Structure formats: C-alpha cells, structure tokens
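Input: a single structure, listed below in structure tokens.
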Amino acid sequence: GAEVVFSVDCTKLREHFLPGKREFDRIYFNFPHCGRKAGVVKNRQLLAGFFHSCSEVLAQEGEVHVALCNGQGGTPADQPRREWHNSWQIVALAAGAGFILSDVHPFKAETIEGYKCTGYRSQDKSFCVEGALNHVFTWSTAPLCVTPVSCKTQLGSQQVSFEVPQLLVDKINRGFLEVNSSHPVRTIKEKLSAGLSQAFALQDISSCLPLLHQGHPDGVCPSSIFWITLSPGEAPSTEKMSQGLPNAVLFSHFGQDTDKNVQGGCPVPKLFYLRPSLLPHARTVIKKRAFSPGTLQVFSGPVFRKCQISPHSTPVFHEMLVVLAASRGTENSCIQMLVDNIKTTLNSLHQGVKPSISLQEATSFGAELNDFAAFERQLGEIQHFLCVGADPDPPGSCVGVIRTAPDEFKSRELVLVSASLNLDLLAMLLCGISDWRMLWTWDRRFLRQFPEGELRLFKSFSLYPPSYVHDVSFWVPDGEEFDEVAFHTLARTVSGEMVVSIQLRDNFQQPGTGRRSLCYRVTFQSCDRALGSREAAEMQLRFREEIEQHLGVTLR
C-alpha cells in the first residue's frame, strides 16, 4: 500500500511531493555518495543540500536517518575516528540546516529483510558496511530572538521597572522554583527542605525576596555585578526605601558620590543592581525577627553574578540559603547536624542515579576555587566549604559554604549559622549534566526526562555538537587594566551563551612603545541547539565589533 516515487533528487525533495504530502515523520538516506571517486568535499556538499531539503519536508517531531560507512561521519562514535578535515563532518552540515544529532547506533544490514548494499563506485557491487553507523537527526529549537525586556519588581515601598540586561533576557522569571515546576533545581530544593524539616523547625520565607539591591556590597568586585538603571523617574528615595524594609536591602555606597558610580567609564545612576546573593536580605530579616534555638529559616531564588566562561561558571543560578539559630556553645554541633542532614538527603537523591557522589566538609580549600566559591569569599568569612567528592580541589566540586553571622547579628544567647547551597551545581552533579547551560534550555526534551519532579541521570538529546574556533587579537588601551570578566560577559551576550571556552593564547608587549597586545582563542559550541559554521562566524564578527566599542581596544 506504499507509494513509490523514482528519480527523486535528494536536494530538492519538496519538488517531488504535493504540499499535503510533505510532512514526513521519517526520512532515510542509506550511504549517500556522489558516485565514482568523489572526494569528501563533494560528498559534504551533497549532505548539506540534502539536509536543507529535509528542512522543507520534515514534520516537527520527525527524524532524519543517515547511514554512513565507518569513519565517514567524523564523530567520536566512529572507531577508528578520522581526522576532522578528512571526514564528512555530518553533524556540522546538519546543524547548518537546523538539525541536531540525537542518536547514533550501528547499522545492521542483516536485520533489514531484503536489503542489499550495492553501488560501489557506481557499479552493481557491494561495499563494506562493517562498523557502519546510523545517525538520527531531529529538529533543533529555533535561535532565540532577543528583544529588550522590561521587568517590574518591588523596591522598598515602590514598584519599579528596569530593562533586563540582554544576557539575562532568556533567564529572568523562568519560574524553576515555582510550585508547578518539575525542574531538577526545584526537586532538589524541596527534598533538602523536607530532610531539614525532620531535624529542625523550618520556615520558608522566599516569597518576599527583593530582586534589586541598592548601594554596593562591601568587598565585592564591581565588575562581577549586573548594574541596573531604573526606568526614568522611578528611583526611590532612601526614606521610601527604608520604610519598605525588609523588601529592600541597602549597602554603604561605593565611592564619594552617593548618586553615581562608574562602570566602564560611564556614570551609573544611584547604584541599583541585581542581587548577587540572598545573604544580605537574610541579614536584614535576622535584624527584625526573634529567633529561638533550633529554628531554621529557608530562603531561595535566582542570583546573578558576572563571571568568566567555563562549564561550571553560571552568571545566574538558584541559591538556597538556610539560616539556623543555635544556642551559644552548641554552634559546632549544630553545624555538624546541618551538614549531616544535607549529606543524608543528597545521598538519598542520587541512589540509583549516579554513584560515588558524596558531600564533604572542607575547612580549607585548594588554590583553585570555582567561581561560586571565589565569589562567596568576597561576601565574608567562611567557616566551611561543602564539597562533592573526596578531593576539594576540582573547580566544580564546591557546591556550598557555611558561615556564622558577624558579631553585630549575635545575641548573648544565640549564634546564627548560615549555609548557602548552589542548587544548579547540585543538579548538574546529581543528574550527570556536564554543562550548566542545559539547565536553562528551552528544549522541552530536557524536562521530559524529569517527570513529576523525579531525578534521573540525564541523557543528552544533542550528541557531539560541532565546535568552531576563532582567534581575536587586539591592543589594550595604554595604562588600563584589561577587564577579563567584561570581555567574557560580552562574549556571552553577543553569542547568546554559545561560547564554551575562551583561552589566552598570547600576551605580547611591543619593544620600545610598551604597548600590550592580547590574543584569545574563542570556541563556539552549543549544548542544546544547532549551531552552524556561518552563524558562528557571524557571532565572531559581532564580538569583534562589541569589544572594540565597549572595551576601547584596537583590533589587530
């Protein structure tokens, strides 16, 4: 009962089928080849045309299956694997048409009734299919169209609005911690809260947390802060701010002028910024509330910190902050009880999911801190680091810190102990997610793997994503310290988080003039959607323009 069509040009599929018959669920192409002694370049052109043709006739949930001989695809699944330049580069070619590789498995000709492989050099001869692989491609989510977004929030007794930084447009108000969310970060937060409630009297007061702070957090590097300018005429007075506490948090102002600071050479009015931590607000609440021994207050929500690019460095993550009131003299035993409770809960979460993860307590930390731990040190003295694994030195191992409150928050009878946990890093470690960006994907296949808030070992739906390497070299302005965090932040913003690595390749000082030149290698790679070579090249060009405009460098 099937309809068979002959002489179909694989690069012009839509021309062979009427509009009502173009929504194919599966498109198979077994061992594509241009014929005779065509080299890899011609066969790449054939595949590129085929994938673009598929994009015109494939259903939204459809699949494209392409079988290739061993080594042709150029992915790690090929054994042995050819050098990239000598392969057909199938994943990169599919990405150019909007597809991602979602599965790859052996092609078993013997399981297909009546199948016979012929066509060796355009002859009626069979060819070797031993080790051949079937590559399964699916639609990628479309690139985000980033448009300016205005956000309203409570600041003191006033509701104000501000324009969200472009880097955070797709991350603001995602609701991962809301009641109806099945996101792993919420599951971990709820499980931790349930475990802690068995040992302590727990109160969750996350609903009244302010998104904006005013002033400047003492000891924190200004380049790691997302500074915000309120919409015109909306900056509240200090009097109105103080009347609205605890929904507002004020810090001592940075610099002499209480109304202005400098960011990248430009004045920033009134120093408003997105919260980098929940700790300042917790301290505000502590001042206003009476605590009894054994009482545990829980705060949770997203926090925002500029940082350099790495798989575990997150410019936004969900923090869970617990504050415990302990009788003076019992704080050490309370800290141990708190850590043991967190350990027990997390160990129960990863049973059967990912083995050999244990929560360790470290009173000292190695020289290399991950960005989370390094920033937490800026916020104040830390008594303990909470680390995953036996060795506290790997950059991604620190997932939490424990502090005792400064003297001004201590009563004669009580000592306040706080534990700050990075829920995003915990989700990555417990679910085997190698890249933080996957937690923020818009692709529905991510949350489908965590039904009803279950924690499972994550299986990526985008395999072997192609990467594209570009270098950028420039002269640094004389007498100025180069701001690497701002450099990385621009790369994040321009690429829409498609830059996976930035490495310093050369630091050159010109003899005689003393001018300094830096050369960086920028690697573009997506973890969840198609990224083609042309799109990556366009991102690189925009990145060059942006660093010249905003960082004052001279391109080479």
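Excluding ligands, DNA and RNA, the accessible surface per residue across segment 13-139 is 55 Å² with a 1.4 Å probe. With contributions of -39500 (n - 2.57) from each DSSP H run of at least four residues, the per-residue ellipticity at 222 nm computed over the chain stands at -6500 deg cm²/dmol. Note on R328 and F24: their simple-model spin labels are 7.8 nm apart, each label 7 Å out from Cα toward Cβ.
Close amide H partners of S300, meaning residues 5 or more places away or on another chain with modelled amide H under 5 Å apart, are S206, L321. List the pairs from K21/K125; K152/K189; K189/K459 whose alpha-carbon separation is above 29 Å, in the order I gave them. Violating the 29 Å limit, Cα to Cα: K21/K125. Here K116 is the anchor, and the aspartates and glutamates within straight C-alpha reach of less than 12 Å, apart from those fewer than 8 places off in the same chain, are D124.
Of the listed values [x] 24; [y] 37; [z] 42, grab the one calculated as percent of Cα pairs over 47 Å apart from the structure here. Label [x] holds the value from this structure.
The apolar share of the surface of the chain, taken as the fraction of accessible area on carbon and sulfur atoms (1.4 Å probe, ligands and nucleic acids excluded), comes to 49 percent. Relative to the dominant Cα principal axis of the chain, helix 533-551 is inclined by about 30°.
At the residue level, W436 shows approximately 10 square angstrom of accessible surface with a 1.4 angstrom probe and all protein chains present. Coupling constants for segment 77-87 follow from the phi torsions by the Karplus curve (6.51 cos²θ - 1.76 cosθ + 1.60, θ = phi - 60°), and in residue order they are 6, 6, 10, x, 9, 6, 5, 3, 5, 9, 9 Hz; glycine and proline get x. Note on segment 13-139: antiparallel DSSP beta bridges, both residues inside, total approximately 70 percent of the bridges counted. In the chain, taking the dipole from charged Cβ atoms about the Cα centre, the farthest positive-side position among A77, S460, L504 is held by A77.
Rolling a 1.4 Å probe over the protein heavy atoms gives segment 499-556 an accessible area of 54 Å² per residue. The figure for R445 is an accessible area of roughly 50 square angstrom, using a 1.4 Å probe on the protein chains alone.
Among the protein heavy atoms, those of H183 account for about 0 Å² of accessible surface (1.4 Å probe, every chain in place).
The values are calculated or read from the model by the stated rules, or taken from the named source; none is laboratory data. Note that the structure is a prediction, hence the values are computed from the model and not measured. Cβ atoms come from the backbone with ideal geometry, glycine included; neighbour counts cover every protein chain shown. In case anyone asks, the SASA skips ligands and DNA or RNA and just uses the protein heavy atoms, side chains included. Shrake-Rupley method; radii C 1.70, N 1.55, O 1.52, S 1.80 Å.
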